[in-house]
Amino acid sequence: MSVFTRITRPQLDQFFSAYTLGEVVSFEGITDGIDNTNYFVTTTQGSFVLTLFESLTADELPHFLKLLAHLGENNLPCPRPQSDRQANPLRQLNGKPAAVFKRLSGTATAIPSILYCQEIGLQLASLHRCTEGYVFPIKNGNDLSWCKTALSKVGAHLSATDRELIDDELAFQAENTPVNLPRGVIHADLFRDNVLFVDGRLSGLLDFYSACTDTLLLDVAITANDWCCDNGTVNAEKFTALLSAYESLRPLEPQEKQHWPILLRAAALRFWLSRLEHQCYPRPGEITQQKDPLIFRRILLQHRQQTYLSSNANIFNLRSTA
């Protein structure tokens, strides 16, 4: 979430006149995130989030809005799209597809506790279970092929050491990417800033616009890399807490446990490259956020070496394959 497209109060008043959500009282841009433009909007009837979609097209967006509706029907705490007077959940604002969502209560956590890691493990398993059999026709746009393209884009900005490290990891992933693991709908970006808590209980899962159909274990790896690493340092106790909670609802198959170290590395590489791309080629915007790529470089190195495994055998205690 950020602000790349500025809107004015008259534009906002006209836009909300198409809904039965009350009159606009105030609005402010949201700084979190890096993909879409978001505003908090307060009306005479409540608090909402207005999203202007910067990359997804009007043809792609109905799939995401239907997914959010499905998750809400299955009691996952996700923002539900609000329909206008003509029952349309999607409109246009300032030349961009736009949607309104009821604002969820709570705040994100900067330093997750063990209990928070357990909470996110449970919710991620619930997400995977409630979408079993759900047909979501969006493929992962950040696969190994994307990683190679991203490297070619940022390669000139890298040191020789970093270029060699990424080349080596790409070669490893090309040779070891697992096949035939359980697949389904994945969030693909369930970072701490996309989750809300109230009084220690999870109250909201946000930003499903990277969602796609892919390997479920990849979603667990992406989530664990953010929630279970303290400023880029792997916390084995947090990994165990998240995985144990996840497996209480969806036990991992033996083949998934075998390939867990590979997926952790793939997830770290993907976000190192995406943050490098954002750093080297920032998008212009009124309110934007930059995230540190080096955090995922440190995480990738630890996963390649797996030095943390000796401290906690519950993370499947596999020897390094680097």
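The values are calculated or read from the model by the stated rules, or taken from the named source; none is laboratory data. On a predicted model such as this, the values are computed, not experimentally measured, just so you know. We place every Cβ from the backbone using ideal geometry, glycine too, and count neighbours over all the protein chains shown. Accessible surface is based on the protein model in full, side chains and every heavy atom, while ligands, DNA and RNA are left aside. Shrake-Rupley method; radii C 1.70, N 1.55, O 1.52, S 1.80 Å.
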Checklist line | Looking only at region 171-186, and only at residues there that are part of a helix (DSSP H, G or I) and either touching a residue at least 40 places away in the same chain (Cβ under 8 Å) or among the polar types (S, T, N, Q) (or both), the one that is surrounded by the most Cβ atoms within 10 Å (Cβ to Cβ) | finding: GLN173
Next item on the list: Write out, first by first residue and then by second, each pair whose Cβ atoms fall under 9 Å of each other, whose residues are 6+ apart or on separate chains, and whose first residue, in region 18-40, is farther than 21 Å from ALA58 by Cβ and open to solvent by 60 Å² or more (accessible area, probe 1.4 Å) while the second is modelled with pLDDT under 90 and among the β-branched types (Val, Ile, Thr).
Entry: THR31/VAL3; THR31/ILE287; THR31/THR288
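Among the candidates ASP219, ASP168, ASP189, which residue alone is acidic (Asp, Glu) and surrounded by fewer than 14 Cβ atoms within 10 Å (Cβ to Cβ)? I'd like the intermediate steps shown before the answer.
Details: ASP219 fails: surrounded by fewer than 14 Cβ atoms within 10 Å (Cβ to Cβ); ASP189 fails: surrounded by fewer than 14 Cβ atoms within 10 Å (Cβ to Cβ).
Every option except ASP168 fails the conditions.
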Note to self: I'm told ILE295 meets every condition in (1) under 14 Å from PHE191 (Cα atoms); (2) aliphatic (A, V, I, L, M); (3) buried (at least 22 other Cβ atoms within 10 Å of the Cβ) except one. Can you identify the failing condition by its number?
What the structure shows: (3)
Notebook entry, point to check: Out of (1) surrounded by 14 or more Cβ atoms within 10 Å (Cβ to Cβ); (2) modelled with pLDDT under 95, the odd one out for ASP59 is which?
Noted result: (1)
Notebook entry, point to check: Just to be sure, is GLY106 at positive phi, in contact with a Phe, Trp or Tyr (Cβ under 7 Å, 6 or more places away or on another chain) and surrounded by 15 or more Cβ atoms within 10 Å (Cβ to Cβ)?
Noted result: yes
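Please go through region 98-127 and pick out each residue that is under 25 Å from PHE53 (Cβ atoms) and touching a Gly at 6+ places or on another chain (Cβ under 8 Å). Walk me through how you get there before you give the answer.
So in region 98-127, the residues under 25 Å from PHE53 (Cβ atoms) come out as 98-108, 123-124, 127.
Within region 98-127, LYS102, ARG103, LEU104, SER105, GLY106 qualify.
Can you list the strands (runs of 3 or more DSSP E) lying wholly within region 1-60 that have 2 or more residues being within 15 Å of ARG91 (Cα to Cα)? Break it down into steps so the answer makes sense when it comes.
Numbers: elements: 24-29, 37-43, 46-52.
Because the criterion is at least 2 residues that are within 15 Å of ARG91 (Cα to Cα), the strands (runs of 3 or more DSSP E) in region 1-60 that meet it are 37-43, 46-52.
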